[in-house]
Amino acid sequence: MSASIMASSSLPLPSSSSSSAASARAASDSLDVRGFAAKTTSSTGAMQLNASSVQATPITSSSAGGLKYENIEVEDGSNSSMALQTFYNQLPPDWSKLLVAIATAFLATEKQRSVPDCKVRRPDMLADAFGLGKFVKDGSVFRQNFFIRSYEIEADQTASIEALMNQLQETALNHMKCAGLLGDGFGSTPEMYKRSLIWVVTKMQVHVEKYPSWGDVIQVETWGFPSGKNAMRRDWHVKDVETGKTILKATSLWVMMNKRTRRLSKVPEEVRTETEPYFIPKVAAILDDDGRRLPKLDTSTATHVQKGLTPHWSDLDTNQHVNNVKYIGWILETSPISILENYKLESMFLEYRRECRRGSVLDSLTTVSAGADCINGNSESGIECQHLLQFEGGAEIMRGQTQWRHKQHRKNTGSVGVLPTASS
Amino acid sequence: MLRVHTPAGPMPCREAAAAQWRMLPSTVAVGRKRWAAAVRCVGANSAVSGVEEAAAAAAAVSGGGKGLAERLRLGSLVEDGLSYKESFIVRCYEVGINKTATVETIANLLQEVGCNHAQSVGFSTDGFATTPTMRKLRLIWVTSRMHIEIYKYPAWGDVVEIETWCQGEGRIGTRRDWIIKDLATSEVIGRATSKWVMMNQDTRKLQRVTDEVREEYLVFCPRTLRLAFPEENNGSLKKIPKLENPAQYSRLGLGPRRADFDMNQHVNNVTYIGWVLESMPQDIIDTHELQTITLDYRRECQHDDMVDSLTSQELTDDDGTNGSAIAKHQEQEHRQFLHFLGLSGTGLELNRGRTEWRKLVR
């Protein structure tokens, strides 16, 4: 399974659907990033959670010197994941060894790995150093932690926006998994899978306050709720574990599409029912979806253009669709170097129109729409750019708007700046 | 054999990311003290894997500047302090068209664990995992060869444990080896080895490893020769010939993307792996799985360069010279290819490589 939860971002425009073979092949173009847990049928073999059993039973492991573990009880009776509750404050000597030992023993006995089987059978003990992640706030929010790895760091010593977006994706899928809602292993719930329905992202909005650095630990919280009759929303809030400060906030909008006909679909009642327990309308969205539509960039006035972009093998997910996060990389490719060097991406508003695959040829266009005269200076108000990603024939893939703030004006600059010198 | 500590990362630029780490004292004396402290702690409680003890001891010695992640990372020096192990979980976006982790993901994890090893013994101070003497002489490590073998690719959610260590390679450079295991089964799912040489970062000229530099590394390397590929005539030693013109398959005009650069505006090593694979034909990608990749790094790609990726099938020694050799190959489970990465236009060589592919069992 893979990152294709955001992969097929197409609205069902007639011209975009290729052969039926391709559609049929897109077995899991599902994009559901919401965990809507309910009693799923046991035939999925996935971890199942009762909404009522989400609250964990804390146990104390004496060998870990008093460290508490939370176990999420599952219907099949096995412990599906562990979350370390107080590891921030306690460092028992054999914490890691215990965790690894338990994980090893559990995984060894529970191992049911069948790669072709798209349903998740394998209970995951260690999705990350801190555990698969857990439900918090009465089961309405899913939380998972990540280390920032060295290869996720970009030229200015902070994590790239792509790395952060990837982690949002990972958390969303794990949310589904932990809620027992991976019907096809891709984000479609079981009821959706039965009806050949998939989630399709239409909008994404991200606001970054502080970029993490290598070695930082970030905490990603995610939740979802309905938006009107036919759409769902998924929000994220990412914090730095050590400081508690917000790293980023994001919100996204998803609609349902029949993967065979490529037509939009209403959310069926059965899907609502199965997802309702994890679908908590009361949780407020972090970013207000102000309902704005992005204007389309005027291609004749685009100042920065890159043509002939093509997906590499490594850009493709299991369905040979291009991962949504790669699109962000492409639109940033075309941003003026002077902006990339002096400014940091602060917020991003994206509208997804079509998907692309291996063999697609893309053009990426960018226009600086505000603050252009200040690029080489030090603008207090920041820079704004409009972006367009389209097929070389002109069909639109994605449009976007980005806001940038000057690196020196960031509230929390992280470690942007000078390399520590060797002399210290 | 002279033992020299090998730095963690890929091309020197990547190491600069290590500068993020809270500053660790750079002198070898402190490094030794830290390591000794770690060993003491570990020795005191032999049941302990040394994970947090070693890291905590190191933190204490170095002034406790380590971050949360450092203290809690599931990685540590092993008991004797001469190798480093860390576990990673495979994330959903690291999985490719075969529903398993891509070779780029594996390569990234190898780099990551190498970086962390260097950092844990106090090397990555200025981001280049260099010794004090090297810094004085403006020397950095660069990769000259990378060889990765994967026997079983991990899937999403799998946890892999990677162990890494260094060895000297005479006066020319050092090597860093890795063993990759599936944490759940302890099965070895992959092995890798890499060769590193020293280069002056200003002149970009290669230099021999001096005694002074070797001294600084001695303590961190295994005392006896330890190789990820101990068998004779193994693939990691095979010479890679230059592709014959014309190549069977090609992908022209590849350029480094924004995300391919790290700190010092150099293209990181893993990007070259992606480029090499770009010219592989679809029918092989659809039916086979990469088993082995060997890459010789000759020249760096600069910011505005464009690269051509060329691939040709390589006939193995078993084949006769007659025409039926090709036909025989089509049916075989294993396929082997030679690769060439060169600058578009001039054809100047950046890398050459060899890949071996095994048929996918679907």
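The values are calculated or read from the model by the stated rules, or taken from the named source; none is laboratory data. All of these numbers come straight from a predicted model, not from anything done at the bench. Every residue, glycine as well, gets a Cβ built from its backbone with ideal geometry; the counts of neighbours run over all protein chains shown. Note: areas computed on protein heavy atoms with side chains; ligands, DNA, RNA excluded. Shrake-Rupley method; radii C 1.70, N 1.55, O 1.52, S 1.80 Å.
Considering A:SER160, A:SER150, the condition of being open to solvent by 10 Å² or more (accessible area, probe 1.4 Å), on the phi < 0 side of the Ramachandran plot and touching a helix residue (DSSP H, G or I) at 6+ places or on another chain (Cβ under 8 Å) is satisfied by A:SER160 alone. For the stretch A:175-196, the count of residues that are assigned to a strand (DSSP E or B) and over 14 Å from the mean Cα position of the chain (by Cα) is zero. Restricting the stretch B:106-115 to residues that are open to solvent by less than 10 Å² (accessible area, probe 1.4 Å) and touching a helix residue (DSSP H, G or I) at 6+ places or on another chain (Cβ under 8 Å) leaves a set whose member that is modelled with the highest pLDDT is B:ALA107. A:GLY187 fulfils the conditions (1) away from chain B (no Cβ under 14 Å); (2) closer than 26 Å to A:ARG263 by Cα except for a single criterion, (1). Inspection of the stretch A:243-261 finds no residue satisfying the criterion of being under 15 Å from A:GLN167 (Cα atoms), open to solvent by 10 Å² or more (accessible area, probe 1.4 Å) and outside any strand (DSSP E or B). Of the set (1) at pLDDT 85 or above; (2) facing another protein chain (nearest Cβ under 9 Å), all apply to A:ILE161 but (2). What residue, among those in the stretch A:232-242 that are more than 14 Å from chain B (Cβ to nearest Cβ) and open to solvent by 10 Å² or more (accessible area, probe 1.4 Å), is farthest from A:VAL141 (Cα to Cα)? Only one residue fits best here, namely A:ARG233. Can you pull out the residues in the stretch B:81-94 that are more than 19 Å from the chain's Cα centre (by Cα) and open to solvent by less than 10 Å² (accessible area, probe 1.4 Å)? Result: B:GLY81, B:ARG91, B:CYS92. Screening the stretch B:264-283 for residues that are open to solvent by 20 Å² or more (accessible area, probe 1.4 Å), on the phi < 0 side of the Ramachandran plot and in a loop (DSSP other than H, G, I, E, B) and picking the one that is farthest from the other protein chains (Cβ to nearest Cβ) gives B:HIS266.
Among all residues of the stretch A:216-223, there is at least one that is touching an Asp or Glu at 6+ places or on another chain (Cβ under 7 Å) and away from chain B (no Cβ under 14 Å). Can you find a residue that is within 30 Å of B:LYS99 (Cα to Cα), touching a strand residue (DSSP E or B) at 6+ places or on another chain (Cβ under 7 Å), assigned to a strand (DSSP E or B) and touching a residue at least 60 places away in the same chain (Cβ under 8 Å) anywhere in the stretch A:264-271? Yes, the stretch A:264-271 contains at least one residue that is within 30 Å of B:LYS99 (Cα to Cα), touching a strand residue (DSSP E or B) at 6+ places or on another chain (Cβ under 7 Å), assigned to a strand (DSSP E or B) and touching a residue at least 60 places away in the same chain (Cβ under 8 Å).
Can you confirm whether the stretch A:210-228 contains a residue that is modelled with pLDDT under 85 and on the phi > 0 side of the Ramachandran plot? Looking for residues that are modelled with pLDDT under 85 and on the phi > 0 side of the Ramachandran plot, one finds at least one in the stretch A:210-228, hence yes. Scanning the stretch B:212-228 for residues that are under 20 Å from B:SER120 (Cβ atoms) and not in a helix (DSSP H, G or I) yields B:CYS221, B:PRO222, B:ARG223, B:ARG226, B:ALA228.
For the stretch A:322-346, the set of residues classified as more than 8 Å from chain B (Cβ to nearest Cβ) and under 16 Å from the mean Cα position of the chain (by Cα) consists of A:VAL322, A:ASN324, A:LYS326, A:TYR327, A:ILE328, listed by residue number. Of all residues in the stretch B:133-146, one or more are surrounded by fewer than 23 Cβ atoms within 10 Å (Cβ to Cβ), touching a strand residue (DSSP E or B) at 6+ places or on another chain (Cβ under 6 Å) and either at positive phi or hydroxyl-bearing (Ser, Thr, Tyr) (or both). B:ASP305 fulfils the conditions (1) among the acidic types (Asp, Glu); (2) under 30 Å from B:LYS359 (Cβ atoms); (3) in contact with a strand residue (DSSP E or B) (Cβ under 6 Å, 6 or more places away or on another chain) except for a single criterion, (2). Please verify whether the stretch B:234-248 includes one or more residues that are open to solvent by less than 10 Å² (accessible area, probe 1.4 Å), of a type in the set (A, V, I, L, M) and either more than 15 Å from B:GLU349 (Cα to Cα) or within 12 Å of another protein chain (Cβ to nearest Cβ) (or both). No, that holds for no residue. Confirm whether B:THR125 is more than 14 Å from the chain's Cα centre (by Cα), surrounded by fewer than 23 Cβ atoms within 10 Å (Cβ to Cβ) and at pLDDT below 80. Taking the combined requirement at face value, the residue does not satisfy it. Residues of the stretch A:268-281 that are of a type in the set (A, V, I, L, M, F, W, C) and open to solvent by less than 10 Å² (accessible area, probe 1.4 Å): A:VAL271 alone.
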